[in-house]
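Structure first, commentary second.
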Amino acid sequence: MILISFWIYSEKKLNGKFNKSINYFSFPLAILGLYCVFRLNLDFGYILVGLTLISLFLWVLGRILYLEKLIKESRSFFLILTVITVFRSFVFEPFQIPSESMIPGLEVGDFVLVNKFEYGLKNPIGNKTLILNNTPERGDVIVFTPPHTSCSSKIEDAYPEGSLNLTLPDQFIRWNSLNKNCSTFGLKYVKRVIAVPGDTLELKGKEFFINGKKIEKKLIESNLNQSIYTETQNLKEYFVGNSNLRELKFYQSWVIPEGYFFVVGDNRDNSLDSRSWGLVPEKNVTGKAQLIWLHWPSYGSIPSLSRNKIIK
């Protein structure tokens, strides 16, 4: 706001004498601002809405002060930001795959489009659903905010009463440990929905049973390190991977309550998911991951379109 005040003073009183210098000085500050957005994990939706409101304020201020240049510039920014904000908030939101938890279907560096209207119209500030559309189904790949990543959440948000049939103290200790690394707005994850409200889910080692029926898997290839399967749920067929380097002695029994989902990564033995930190509330779901539109694994590599495809 200080730079904006100097710019207005320069334009109004000094006939724009220092405007170029102010513009040059503003550019590195904008870069620093973008760095802070990603470094501090700030929700970009809040940033967009804030910038849109600021441009509207400057447009009104320009009309009050009769500054034609300010009116022209702020109006252009306001119209562009409004279109971007509406599109990102209600239609599609970009998301970059940050980890290997969804291999082989999704790889680190994949940029996906998240269909935000698939599950309803949501408030761009926060994630409250304004108009309900569909709900996530078994086999859907969703982007969401796990409760343990948000400092305002409680353990009951991930383990609602009566959902976990067995008392596992280690689960709660683990959740509290993970919650210590929380942030104000939480972190967004991408996983696959395995169980939906009303389902009874049993985990026996590396096998999943929904309502007493084992999830269908078919071996595609195997080596000393890993086996790749096709898994079928709700008429959706997709690839999952299991490690051959270790056995998993694991048992859990869940009853999925209304408004919650059980999610796991396709890279089953290398994924931090509902098995570790509990269920996902429906209100925390951002949307459905629908399309890979770019692959860019690192800043030192060249972006590629070779992996562009619909997400199964």
May I ask you to list the residues in segment 74-96 that are touching a residue at least 12 places away in the same chain (Cβ under 8 Å), over 27 Å from Gly287 (Cβ atoms) and surrounded by fewer than 17 Cβ atoms within 10 Å (Cβ to Cβ)?
Arg75
Restricting attention to strands (runs of 3 or more DSSP E) lying wholly within segment 109-215, give those where 2 or more residues are aromatic (Phe, Trp, Tyr).
207-210
Considering (1) of a type in the set (Asp, Glu); (2) surrounded by fewer than 18 Cβ atoms within 10 Å (Cβ to Cβ); (3) under 28 Å from Val86 (Cα atoms), say which one Glu216 fails and leave the rest.
(3)
Look through Ser222, Ser152 and report the one residue that is within 30 Å of Glu93 (Cα to Cα), assigned by TED's automatic domain parsing to the domain that holds Tyr119, surrounded by fewer than 16 Cβ atoms within 10 Å (Cβ to Cβ) and among the hydroxyl-bearing types (Ser, Thr, Tyr).
Ser152
So which residues in segment 280-312 are of a type in the set (A, V, I, L, M) and touching a residue at least 24 places away in the same chain (Cβ under 8 Å), if there are any at all?
Val280, Val285, Ala289, Leu291, Ile292, Leu294, Ile311
Take the residues in segment 101-134 that are polar (S, T, N, Q), at pLDDT 80 or above and buried (at least 16 other Cβ atoms within 10 Å of the Cβ); name whichever of them is farthest from the chain's Cα centre (by Cα).
Ser101
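The rows are residues; the columns are (1) among the hydroxyl-bearing types (Ser, Thr, Tyr); (2) assigned to a helix (DSSP H, G or I); (3) at pLDDT 75 or above.
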| site | (1), (2), (3) |
| --- | --- |
| Glu11 | no, yes, no |
| Gly16 | no, no, no |
| Ile31 | no, yes, no |
| Tyr46 | yes, yes, no |
| Phe57 | no, yes, yes |
| Ser99 | yes, no, yes |
Scan of segment 270-309 for residues that are of a type in the set (Gly, Ala, Ser) and farther than 25 Å from Phe185 by Cβ, ordered by number
Ser298, Gly300, Ser301, Ser304, Ser306
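Taking the conditions exactly as written (assigned to a loop (DSSP other than H, G, I, E, B), buried (at least 19 other Cβ atoms within 10 Å of the Cβ) and in the same structural domain as Ala158 (by TED's automatic domain parsing)), does Ser301 satisfy them or not?
On the way: assigned to a loop (DSSP other than H, G, I, E, B): yes; buried (at least 19 other Cβ atoms within 10 Å of the Cβ): no; in the same structural domain as Ala158 (by TED's automatic domain parsing): yes.
So Ser301 fails the test.
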Of all residues in segment 179-213, which are under 16 Å from Arg138 (Cα atoms), surrounded by 13 or more Cβ atoms within 10 Å (Cβ to Cβ) and touching a Ser or Thr at 6+ places or on another chain (Cβ under 6 Å)?
Glu202
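With the requirement that a residue be in a loop (DSSP other than H, G, I, E, B), within 21 Å of the chain's Cα centre (by Cα), within 20 Å of Arg174 (Cα to Cα) and of a type outside the set (D, E, K, R), what does segment 222-278 give you? Steps first, answer last, please.
Step one: of segment 222-278, the residues in a loop (DSSP other than H, G, I, E, B) are 223-225, 234-235, 244-250, 256-259, 265-266, 268-273, 278.
Filter again for within 21 Å of the chain's Cα centre (by Cα), leaving 259, 265-266, 268, 270-273, 278.
Applying the additional criterion that residues be within 20 Å of Arg174 (Cα to Cα) yields 265, 268, 270-273, 278.
Selection gives Gly265, Asn270, Ser271, Leu272, Gly278.
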With the checklist (1) at pLDDT 90 or above; (2) in contact with a Ser or Thr (Cβ under 7 Å, 6 or more places away or on another chain); (3) of a type in the set (Gly, Ala, Ser) in hand, flag the one item Ser227 doesn't pass.
(2)
Quick one: how many residues across segment 137-164 are at pLDDT 90 or above and within 28 Å of Glu237 (Cα to Cα)?
11
Might you check whether a residue that is at pLDDT 85 or above, farther than 30 Å from Ile302 by Cα and assigned by TED's automatic domain parsing to the domain that holds Ile228 occurs anywhere in segment 165-177?
yes
Has segment 251-267 got at least one residue that is exposed (fewer than 11 other Cβ atoms within 10 Å of the Cβ) and out of contact with any Lys or Arg (no Cβ under 9 Å at 6 or more places or on another chain)?
yes
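The values are calculated or read from the model by the stated rules, or taken from the named source; none is laboratory data. Model, not experiment: these values are computed from the prediction. When we count neighbours, we look across all protein chains shown, and the Cβ atoms used for this are built from the backbone with ideal geometry, even at glycine.
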